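Quick notes on the structure that follows.
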Amino acid sequence: MPKRDVRSRSPIGQARLDRFSVSGPKTSLLSVPGAVGAEAAGFTPVGDVMGSVVHQTGWAGPSTWAADQIKLLAELLYRGYATALDRLEEEATALGADGVLGIEFTITSLDDVAQEFVALGTAVRAATDRRPRRPFTTFLPGQDVGKLMQAGWVPVRVAVGVAGQAMFDKYHRPSQTRVWAGNFEVDMPTKLVTDVRAAARAEFAREIGDCGADGGIVSDMNVQAWPVHDYAVAGIATVIGTAIARFHEGRTAPTSALKILPLNRF
Amino acid sequence: MTTADPAGQRIPEDAMRRLAEMKPGQKTSLFTSDLSVNEFLLVREAGFRPLGLVLGSSIYHVGFQMGRWSKNQEMDRLSQAMYHARELAMSRMEAEADVLGADGIVAVRLEIEFKEFGNDLAEFVAVGTAVKADEPGEWRNNTGKPFTSDLSGQDFWTLVQAGYAPLGMVMGTCVYHIAHQGFRQMMGNIGQNVEIPQYTEALYDARELAMSRMQAEAEQLEAEGIVGVQLLSLPHRWGGHTTEFFAIGTAVKPLRADHHIAKPQLVLPLTD
């Protein structure tokens with residue numbers, strides 16, 4: 001069996017993309033409102049695109065201190081997101097798309113030692129002659145993109161910030177957490193979650209700044225923190241969202257909201 | 001909205017030009033925000049610019065208090081813990097907003113999450129989006145802090161349209177222990193539909209306490225009223241007879257004398 005560069009597309013994937021470019025049916029993962037929203041922004045779907053990667057979860061060794069292990073996990077998480085996204089973008093470029101809407105990430109654990117990252121989205125083409133250098137990517141569904149574009153903002157790219165950290169916490173535990181100890185703030189874990197969140201948010205903001213966008217809309221932020229034996233605390237924070245850029249002129253936002261009151265029950 | 005708009009054709013054109021002209025590392029006035037697209041657009045339309053996502057967190061050890069088996073009582077130590085921890089998270093979030101030079105924080109979420117660290121440890125998190133008004137004005141409240149509001153972007157827009165400004169989130173909490181029924185009372189009530197007076201009283205008192213504390217906070221801010229009040233009972237992890245009653249809302253002040261808003265168009269959506 002001929003060895004294939006993992007970075008390039010598989011023959012099966014290539015064949016699927018080739019069928020799009022001739023005159024095959026255009027597939028889309030957009031919902032009906034999403035498709036209408038995309039159309040309002042001047043986009044037509046050209047096909048659904050995917051990027052995926054399976055990583056083995058590394059292990060820094062049983063004797064290594066938690067900090068190294070956490071760094072490794074955070075790095076892996078970030079690389080998973082980034083690689084899946086790169087491959088999705090490659091597929092979109094191959095289709096001649098201008099952007100990918102409604103990207104969804106799924107992370108699945110495969111028998112505890114490996115993780116699969118899958119990014120799925122709908123590639124769209126704009127009704128213009130001008131093309132962006134690389135397709136934009138966004139988590140936002142079609143209807144949100146429609147609204148944003150009407151108001152003069154365009155999605156730029158998916159931004160991901162991941163940070164992991166571990167801290168020694170010998171001094172406080174377990175004496176500080178005894179049942180009778182009373183009310184107080186537990187300082188080490190508080191510092192840990194504050195720091196990892198801050199680091200992930202800074203990463204997120206840096207990614208947005210690096211691509212020259214004007215702002216970022218966070219779509220998900222989470223922190224996982226856990227004790228490591230009884231001497232340390234560890235945590236990983238993830239912030240994901242979409243970088244957006246302004247194209248309307250003037251400092252104020254265009255006012256065009258139509259005040260409606262829906263007559264359904266809620 | 002979709003195709004009738006003559007500017008509709010220009011939208012993708014302008015957008016694609018912006019993308020094509022974008023240079024990596026270009027200096028921009030960067031913001032981040034936790035708002036949904038709807039909220040983001042409405043906050044912009046209300047005349048505010050998002051400055052950044054702001055966040056405050058505290059992992060707190062909630063102390064232990066024994067309730068007397070057959071007595072209705074407030075668990076004041078637990079009430080204090082819930083107050084103090086939320087206060088810590090909120091004030092840290094406000095401090096972040098202050099650094100950004102914000103006028104206020106919108107769409108604040110106040111959450112409690114019990115952690116894997118231990119049974120009595122909970123993380124209190126406050127997350128919101130710091131905003132600054134396009135037109136300078138007296139937006140900060142009488143404590144000199146940025147206003148806070150847990151209203152959604154939609155509600156915030158409507159509030160500002162109607163001539164009100166948020167002052168701050170106000171809350172009241174009361175952790176209450178409800179007396180167990182005495183043996184004789186329980187035996188006497190078997191098989192009957194009766195009111196259990198001490199339960200009714202306990203729930204009444206606890207809610208009244210929570211609400212009056214919220215009211216007191218609003219009075220301190222010299223508010224005209226409180227909107228979007230939620231009255232929650234949160235059992236947390238204290239068993240069936242100890243519950244936190246938590247009242248939270250946004251205190252508001254009038255911006256002008258009249259409070260008319262444009263009459264909304266009624267629509268009948270064809271979806272559920």
Under the 7 Å Cα-to-Cβ spin-label approximation, A:Lys26 and A:Asp112 lie apart by a distance in nanometres of 4.8
Taking alpha-carbon centroids only, the stretch B:129-144 lies from the stretch A:185-253 a number of Å equal to 24
Plugging the Cβ-Cβ distance of B:His241 and A:Tyr231 into 1/(1 + (r/R0)^6) at R0 = 45 Å yields, to the nearest 0.05, a FRET efficiency of 0.75
With -39,500 (n - 2.57) per DSSP H segment of 4 or more residues and division by the full residue count of chain B, the 222 nm estimate, nearest 500 deg cm²/dmol, is -10000 deg cm²/dmol
Of the candidates A:Thr128, A:Gly209, A:Leu76, the farthest towards the positive dipole end of the stretch A:11-265 (Lys/Arg Cβ +1, Asp/Glu Cβ -1, centred on the Cα centre) is A:Thr128
Treating only Lys and Arg (+1) and Asp and Glu (-1) as charged, each at its beta carbon, one finds that the protein assembly as shown has a dipole about its Cα centre, in Debye to the nearest 20, of 980
About its Cα centre, the stretch A:11-265 carries a charge dipole, from +1 on Lys and Arg Cβ atoms and -1 on Asp and Glu Cβ atoms, whose size in debye to the nearest 20 is 640
So for R0 = 30 Å, FRET eff. of A:Arg130-A:Glu75 from the Cβ-Cβ r, to 0.05, ends up at 0.20
Cβ-Cβ cut-off under 11 Å around B:His84, Lys and Arg +1, Asp and Glu -1: the net charge is 0
Scoring the stretch B:158-221 by relative contact order with C-alpha pairs under 8 Å, at least six apart, yields a percentage of 56
Taking N as the number of residues in the stretch A:11-265, the ratio of its alpha carbon radius of gyration to 2.2 N^0.38 Å works out to 1.22
Chain B: relative contact order from alpha carbon pairs under 8 Å, six or more residues apart, as a whole percent, is 19
If unit charges are put on Cβ atoms (+1 for Lys and Arg, -1 for Asp and Glu) and the dipole of chain B is taken about its Cα centre, the option from B:Ala102, B:Val170, B:Gln198 lying farthest towards the positive end turns out to be B:Ala102
Sites removed, the longest contiguous part of chain B containing no DSSP-loop trypsin sites (Lys or Arg not before Pro) with at most 15 other Cβ within 10 Å is B:72-236
Each label sits 7 Å from Cα toward the beta-carbon; between A:Leu263 and B:Gln154 the label points are separated, in nm, by 1.8
About its Cα centre, the stretch A:62-139 carries a charge dipole, from +1 on Lys and Arg Cβ atoms and -1 on Asp and Glu Cβ atoms, whose size in debye to the nearest 20 is 460
So the carbon and sulfur contribution to the accessible area of the stretch A:11-265, 1.4 Å probe, in percent, is 56
Scoring the stretch A:42-135 by relative contact order with C-alpha pairs under 8 Å, at least six apart, yields a percentage of 43
Rounded to whole Å², per residue accessible area for the stretch B:1-159 with a 1.4 Å probe reads 43
Once accessible area is computed for B alone, A alone and the pair with a 1.4 Å probe, the total buried surface, to the nearest 100 Å², works out to 6400
Of every hundred units of 1.4 Å-probe accessible area on the stretch B:29-158, the number belonging to carbon and sulfur atoms, as a percent, is 49
Between the alpha carbon centres of the stretch B:162-229 and the stretch A:95-131 the gap in Å comes to 49
Placing each pseudo-label 7 Å from Cα in the direction of the beta carbon, B:Glu201 and B:Gln230 end up separated by a distance in nanometres of 3.2
Counting only DSSP loop positions in the stretch B:122-210, the GluC sites (Glu not before Pro) whose Cβ has at most 14 other Cβ atoms within 10 Å are B:Glu138, B:Glu195
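The values are calculated or read from the model by the stated rules, or taken from the named source; none is laboratory data. Not measured: the values here are computed from a predicted model. Quick reminder, even Gly has a Cβ in these numbers, built from the backbone with ideal geometry, and neighbours come from all protein chains shown. Heads up: the accessible areas ignore ligands, DNA and RNA and are worked out on the full protein's heavy atoms, side chains in. Shrake-Rupley method; radii C 1.70, N 1.55, O 1.52, S 1.80 Å.
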